[in-house]
Amino acid sequence: MPSLHLKTAEARVGVVGLYSAGKTVLLTSLVNHLDHHDPDRFRLGKAGTSVRKFELLPPDPNWVAFNYAGFRDALVHNGRWPEKTRDRSMLACRFTRTDWNISDCVLKLYDLPGERLADAAMLGRSFAGWSDHVLNRVANDTPSRTACEPFLQALTADAPDEAGLIGTYRLSLANLILSLKPFVTPSTFLLDTNGTLAQRRTAGELAAGRKSGLDGAEFAPLPADARARLPEITARFAARFERYKAEVVQPFLVALKSCTSLVVLVDVMMLLAGGVGMYDDNRQILKDLFDVLDPGENLLKAAGRHLSNVFLPRQWRPGWITRVAFVAPKLDLVHPTDRDRTLSLLRRMVGKMADNRDGLAHKYFNVSAVVSTRPMPGAEGERVMLGIPFRDADGKKIPPGVEQRFPVSAVPDDWPADWPAGAFAYPEVYPRVPTRKDYPPDQLNLDAVLDFVLG
């Protein structure tokens, strides 16, 4: 007998994480598993629960459709990971589950460029407030202060000119990129509005070829004394800042604030490999994001949400973030001996951000959206994996070849008090995705993440 679906639940899930965290791969694998669901390989709810009547839906207005079919094809036939997110995209789908008796689900997944997270502190702040926030961060972080020395020196001049301030700030942003410091704002210096990512060149070449803001409307943060001394420059920078905030920042942050759940990817292995500076900047960016999004709810908001679910059509129901899944991706790059430690590191890094929020359900997951390695026996204490290497010993990309054994670093029990870039290594490998389109890739814990965000 066919099931009767009396209502439609809508889950709006924002998927965020800094660049190269694996958002596109996670979404591609997730949709492949929903489209061709096998309860033995992707468990939802109680054992044996199946997904039925899956269909893709068009995205919301002003959103680019997430190219699920193209990304999966690239994984299979081009032997490469999908290109990074260069524009805000959305994947919408509808399905039912055999354990849901009276409802079906519209799931909307929002994929946003990780570079834009560094701009989160702009929302709710004036140009002066944003300037003080950025320059306070620079003043209290020695690596950032060193990278920004050209700009800090320019600010001490008796009568700095606009072009000089913008040029030296560009050079400082280039230094941050080359120092593996991702707190780059305005983020269009790293990823412009056309989706072009800054290439790894010299600081001078980067500074010459990128923009600190929008084309023809660049700006840089100014301290209070400079704002007082340079009222005309300050007025121009403030106007450009407001335009940038309206055109670049507000659209994606407003979309995130309307989500019911967040999936926050924290690439623990990349942070270990990148050093303490990358860790500190990632943590600051996520803290700024949480301050702006303000996830959670009080009793009044909770009551309003429950009433709207009963009496309002899904399109009219208000939304705010009540669930956050913190995800450590790329688990297949870690030896099985250490996989639980990635979860501990994730919890130590971001736990307080969620614990301090009332009415916020949150949980931690270590995930591999596409399992592309397998462990091999090694000498005592040695971690050895088998996979198809993506780069050679010099870090250059190489064509796919045969599987090779490669060592990986042990994951520490806790974040070190200090560690340099390169102290840990987790080599990239080529994806292992079945050619057959109705056979999704092997995964680890991705099903548990979906189960959590759907509530």
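The values are calculated or read from the model by the stated rules, or taken from the named source; none is laboratory data. Please read these numbers as outputs of a predicted model, since none were measured by experiment. Because the Cβ atoms are built from the backbone with ideal geometry, glycine has one as well, and the counts that use them run over all protein chains shown. Surface areas here come from the heavy atoms of the whole protein model, side chains and all, with no ligands, DNA or RNA. Shrake-Rupley method; radii C 1.70, N 1.55, O 1.52, S 1.80 Å.
A few remarks follow.
- Of the residues contained in the stretch 266-284, one or more are found to be under 30 Å from Ala9 (Cβ atoms) and at pLDDT 90 or above.
- Filter result (over 19 Å from Met269 (Cα atoms), of a type outside the set (Phe, Trp, Tyr) and in contact (Cβ under 8 Å) with a residue 24 or more places away in the chain) within the stretch 416-448: Arg432, Val433, Pro434, Thr435, Lys437, Asp438, Pro440, Pro441, Asp442, Asp447, Ala448
- Any hit, the stretch 103-118, residues being of a type in the set (Asp, Glu), crowded, with 16+ Cβ neighbours inside 10 Å, in a helix (DSSP H, G or I) and modelled with pLDDT of 90 or more: no
- Count - residues of the stretch 224-242 that are surrounded by fewer than 17 Cβ atoms within 10 Å (Cβ to Cβ) and closer than 24 Å to Asn136 by Cβ: 9
- Here Pro221 meets the list (1) of a type outside the set (Lys, Arg); (2) in contact (Cβ under 8 Å) with a residue 12 or more places away in the chain; (3) open to solvent by 40 Å² or more (accessible area, probe 1.4 Å); (4) within 26 Å of Leu286 (Cβ to Cβ) almost entirely, failing just condition (3).
- Identity of the residue in the stretch 24-43, in a loop (DSSP other than H, G, I, E, B) and touching a residue at least 40 places away in the same chain (Cβ under 8 Å), that ends up nearest to Phe452 (Cα to Cα): Arg43
- Selected residue (only one of Ala74, Ala21, Ala69 is in a helix (DSSP H, G or I), closer than 23 Å to Leu331 by Cα and modelled with pLDDT under 90): Ala74
- Where strands (runs of 3 or more DSSP E) fall wholly inside the stretch 328-436, the ranges with 3 or more residues that are open to solvent by less than 20 Å² (accessible area, probe 1.4 Å) are 384-387.
- The residues on offer are Gln199, Gln250, and the sole one that is surrounded by fewer than 22 Cβ atoms within 10 Å (Cβ to Cβ) and within 30 Å of Val106 (Cα to Cα) is Gln250.
- For Phe406, the requirement of being closer than 20 Å to Phe452 by Cα and touching a strand residue (DSSP E or B) at 6+ places or on another chain (Cβ under 9 Å) is not met.
- Among residues of the stretch 446-455, those that are surrounded by 17 or more Cβ atoms within 10 Å (Cβ to Cβ) and in a loop (DSSP other than H, G, I, E, B), counted: 1
- Meets criteria (of a type outside the set (Asp, Glu), closer than 23 Å to Thr260 by Cβ and more than 22 Å from the chain's Cα centre (by Cα)) for Gly359: yes
- Scanning the stretch 46-62 for residues that are touching a helix residue (DSSP H, G or I) at 6+ places or on another chain (Cβ under 8 Å) and part of a loop (DSSP other than H, G, I, E, B) turns up just one, Asn62.
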